[in-house]
Amino acid sequence: NAGVTQTPKFRVLKTGQSMTLLCAQDMNHEYMYWYRQDPGMGLRLIHYSVGEGTTAKGEVPDGYNVSRLKKQNFLLGLESAAPSQTSVYFCASSYMDRKNTEAFFGQGTRLTVV
Amino acid sequence: GENVEQHPSTLSVQEGDSAVIKCTYSDSASNYFPWYKQELGKGPQLIIDIRSNVGEKKDQRIAVTLNKTAKHFSLHITETQPEDSAVYFCAAIGYNAGGTSYGKLTFGQGTILTVHP
């Protein structure tokens, strides 16, 4: 059972560089999310998707873009990385059913921008 | 939007003692409250949840209580063990009349629980 898989697990970027984080889920979930985790601030929602081809902004979307071309994949892009984007990024997925509300998280991607 | 406050930020207990973590929320429309456990180097994992039509829920050594009037909910861990050491997050979701919220979680700041043998 793979669940939610994130790649890469670690990355160091220079300011201004770009990169894409990949999230893949094998549970046929409709909903997918990207959160960032910073010390003392819990997890904050960056962007989310309620289905293939749809995306929406979360609480802290600036500096990030996302795409969901396939139901099982959700990509998070940083076009021009800044030191403020140093964080641990988590992808999650869940059912679109209020009876099945559990969100399943990936292992995280630790990103450092120098 | 929703705001969730979590206390304490760190909690240190002796093995066998109880641990209590408290959260408050701001949006009275929130009606689902999950608790997640995050072990070092891993993603958060759901350990227990409660809906607004229930005041208390228990699962072995873990229990959650909800006070809708005061807008706060708490996690209780009894007979703590070293393997309970982790970061614990509370969260809240508000589902509308149509049954959708898109599952967007608002998290508390987290509590680092350390259980000493």
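Of note:
- Charge dipole of chain B (Cα centre as origin; +1 on each Lys and Arg Cβ, -1 on each Asp and Glu Cβ, all else neutral): 380 debye, rounded to the nearest 20.
- Most mobile listed residue (A:G77, A:G42, A:G53) in chain A, GNM with C-alpha springs under 10 Å: A:G42
- Straight-distance crosslink candidates among lysines, where the alpha carbon sits under 17 Å from B:K22 and sequence neighbours closer than 8 are dropped: B:K37, B:K57, B:K58, B:K68, B:K71
- Under the Karplus curve 6.51 cos²θ - 1.76 cosθ + 1.60, θ = phi - 60°, whole-Hz ³J(HN,Hα) for segment B:104-109, x wherever Gly or Pro sits: 6, 8, 10, 9, x, 7
- Share antiparallel - DSSP beta bridges, chain A, percent rounded to 5: 90 percent
- With a simple spin-label model that places each label point 7 Å from the Cα along the Cα-to-Cβ direction, the separation between B:V20 and A:F10 comes to 4.1 nm.
- Put the Cα centre of segment B:1-78 next to the Cα centre of segment A:1-50 and the gap is 24 Å.
- Full-stretch length increase - B:I112, B:D59 - with 0.36 nm per residue and alpha-carbon distance subtracted: 17.0 nm
- A:L22-B:L46 FRET efficiency (beta carbon distance; Förster radius 25 Å; 0.05 resolution): 0.60
- Residues in segment A:43-65 reached by a label modelled at A:Q72 [backbone nitrogen below 17 Å; 7 Å Cα→Cβ]: A:51-53
- Taking the Cα centre of the protein assembly as shown as origin and assigning +1 to Lys and Arg Cβ atoms and -1 to Asp and Glu Cβ atoms, the resulting dipole is close to 460 debye.
- Calculated FRET efficiency for the pair A:T86/A:A2, C-beta based, R₀ 22 Å, to 0.05: 0.20
Each reported figure results from applying straightforward, stated rules to the coordinates on display, with no laboratory input. Every value quoted in this text rests on a predicted model; they were computed, and no experiment measured them. FYI the Cβ positions are ideal-geometry reconstructions off the backbone, even for glycines, and counts take in every protein chain you see.
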